[in-house]
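K.L.:
Quick one: structure below, then a few questions.
The values are calculated or read from the model by the stated rules, or taken from the named source; none is laboratory data. Please read these numbers as outputs of a predicted model, since none were measured by experiment. Virtual Cβ from ideal backbone geometry, glycine too; neighbours counted across all protein chains shown.
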Amino acid sequence: MKARAFSYFRAATIGEALDAHARAGEDARFIAGGQSLVPTLSLRLQAPRLLIDITHIAEMRGIGREGDFLRIGALTRHCEMLSEPLIAQFAPLLRAAAPFVAHPAIRNRGTFGGSVALADPASEFPAMILALDAEIEIAGPSGRRRVKADDFFIDLFETALQSGELITAIHVPLFRANQRFAFDELARRRGDYALVGCGMQATCTGERIDDIRIAFFSVANAPTRVREVEAALIGSNLDGGRIVAAQAALASDLAPPESDEVPPAMRLHLARVLLGRLLGRIGEAA
Ligand SMILES: Cc1cc2nc3c(=O)[nH]c(=O)nc-3n(C[C@H](O)[C@H](O)[C@H](O)COP(=O)(O)OP(=O)(O)OC[C@H]3O[C@@H](n4cnc5c(N)ncnc54)[C@H](O)[C@@H]3O)c2cc1C
């Protein structure tokens, strides 16, 4: 199928993009990498009258340190998450997740901000910014604000982003020497959306876990932190018994929905397997 006819506007600044959206209202969509939006236009699942191209807005590009955070411009492409040394040094969990996002052709165009804005529950990056306690920088008609990832993801493709608002960057706390991270996912084929995926980052003193944040994707309507599991781990050493207890606690945090693809009990089982593997890696690193 072909998309319905639409007008196209290339914004040079955040102000131009916001103004264009304010004039067109609900009939407008921002377009970044287009890797998720264009298929929905072609299938006529959406038919906006105006596409506002945000890919030439300089302020939304670039990666740099700002205080205790790494500011990652929303237009950073998935392939840059793989190749940029600052990501590997200060946000290694994002680097670890990047090769699992789609395929090279999609990673060459798709953007970090686009992935976070879309908030697909099966996507890697939304869950990872939850695990990293990141903050989302937003510009909109009523000004600029920063929202914590914990408050950003609300429900299926639903976020704290209001109509006409742009994600301009994501701020990730800088990775420290006493932190450990682990990421993995289970998919039928490499590059497919995961059946279950998980990423975690722990702050340790020796072998003791002082703090840990664990986020799953493809298990619920939105990326999900497993707080009971986190609580079961904090203050302890990661021995085999502790990992088994954490796996048992997972049922209090996750209730995977019915799906034709994987029954809920199977998905919970896969999540337990993944949790055990990743905690084992954190334990080895500590
Ligand atoms: C075959 C295929 C396989 C894929 N597999 C995976 C996968 O395994 N894992 C994964 O995570 N993703 C996957 N994707 C999705 C891909 O990662 C997308 O690139 C990404 O989700 C959206 O980024 P984008 O820049 O292309 O956004 P676009 O398609 O341009 O936009 C998506 C939505 O976000 C909005 N938007 C974009 N940028 C902003 C912004 N800065 N502020 C506010 N709103 C914005 C747009 O208006 C639109 O509604 C796959 C896509 C395809 C086609």
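K.L.:
If you go through the stretch 79-101 one residue at a time, how many are aromatic (F, W, Y) and away from the ligand (no atom under 14 Å from the Cβ)?
P.N.:
1
K.L.:
Does the stretch 71-78 contain any residue that is within 11 Å of the ligand (Cβ to nearest atom) and of a type in the set (K, R)?
P.N.:
yes
K.L.:
Would you mention how many residues in the stretch 141-164 are within 21 Å of R71 (Cβ to Cβ), of a type outside the set (A, V, I, L, M) and out of contact with any Ser or Thr (no Cβ under 9 Å at 6 or more places or on another chain)?
P.N.:
Qualifying residue count for the region: 7.
K.L.:
Cβ-Cβ distance below 8 Å, separation of 6 or more or different chains: which pairs start in the stretch 256-283 with a residue that is at positive phi and end on one that is basic (K, R) and buried (at least 19 other Cβ atoms within 10 Å of the Cβ)?
P.N.:
Note: no pairs meet the criteria.
K.L.:
Could you run through the stretch 1-12 and say how many residues are touching a residue at least 12 places away in the same chain (Cβ under 8 Å), in a loop (DSSP other than H, G, I, E, B), out of contact with any helix residue (DSSP H, G or I) (no Cβ under 7 Å at 6 or more places or on another chain) and farther than 15 Å from G25 by Cα?
P.N.:
Total meeting the criteria: 2.
K.L.:
Taking the condition within 24 Å of I72 (Cα to Cα) and more than 15 Å from the chain's Cα centre (by Cα), does T224 pass?
P.N.:
Here the answer is no, as T224 does not meet what is asked.
K.L.:
Quick check, is A11 of a type in the set (A, V, I, L, M), surrounded by 13 or more Cβ atoms within 10 Å (Cβ to Cβ) and under 27 Å from A102 (Cβ atoms)?
P.N.:
In short, yes.
K.L.:
Surrounded by fewer than 21 Cβ atoms within 10 Å (Cβ to Cβ) and either closer than 13 Å to G113 by Cα or over 26 Å from the mean Cα position of the chain (by Cα) (or both), is that true of R71?
P.N.:
Spelling it out, R71 is indeed surrounded by fewer than 21 Cβ atoms within 10 Å (Cβ to Cβ) and either closer than 13 Å to G113 by Cα or over 26 Å from the mean Cα position of the chain (by Cα) (or both).
K.L.:
Evaluate the following for G206: is it surrounded by fewer than 20 Cβ atoms within 10 Å (Cβ to Cβ) and touching a His at 6+ places or on another chain (Cβ under 6 Å)?
P.N.:
So G206 does not fit the description; no.
K.L.:
Now a separate question. What's the number of the only condition in (1) at pLDDT 95 or above; (2) more than 12 Å from the ligand (Cβ to nearest atom) that R44 fails to meet?
P.N.:
Exception for R44: condition (1).
K.L.:
Where in the stretch 102-192 are the helices (runs of 4 or more DSSP H), entirely inside, with at least 3 residues that are within 12 Å of the ligand (Cβ to nearest atom)?
P.N.:
Answer list for the stretch 102-192: 104-107, 112-118, 124-131.
K.L.:
Among the numbered criteria (1) under 30 Å from A91 (Cα atoms); (2) of a type outside the set (F, W, Y); (3) outside the structural domain of R109 (by TED's automatic domain parsing); (4) in contact with a Pro (Cβ under 8 Å, 6 or more places away or on another chain), which one does A22 miss?
P.N.:
Every listed condition holds for A22 apart from (1).
K.L.:
When both residues are 6+ apart or on different chains and their Cβ atoms are under 6 Å apart, which pairs have a first residue that lies in the stretch 234-250 and is more than 16 Å from L278 (Cβ to Cβ) and not assigned by TED's automatic domain parsing to the domain that holds Q201, and a second that is in a helix (DSSP H, G or I) and among the polar types (S, T, N, Q)?
P.N.:
Qualifying pairs under 6 Å: none.
K.L.:
Give just the number: which of (1) crowded, with 19+ Cβ neighbours inside 10 Å; (2) in contact with a helix residue (DSSP H, G or I) (Cβ under 8 Å, 6 or more places away or on another chain) does L270 not satisfy?
P.N.:
(2)
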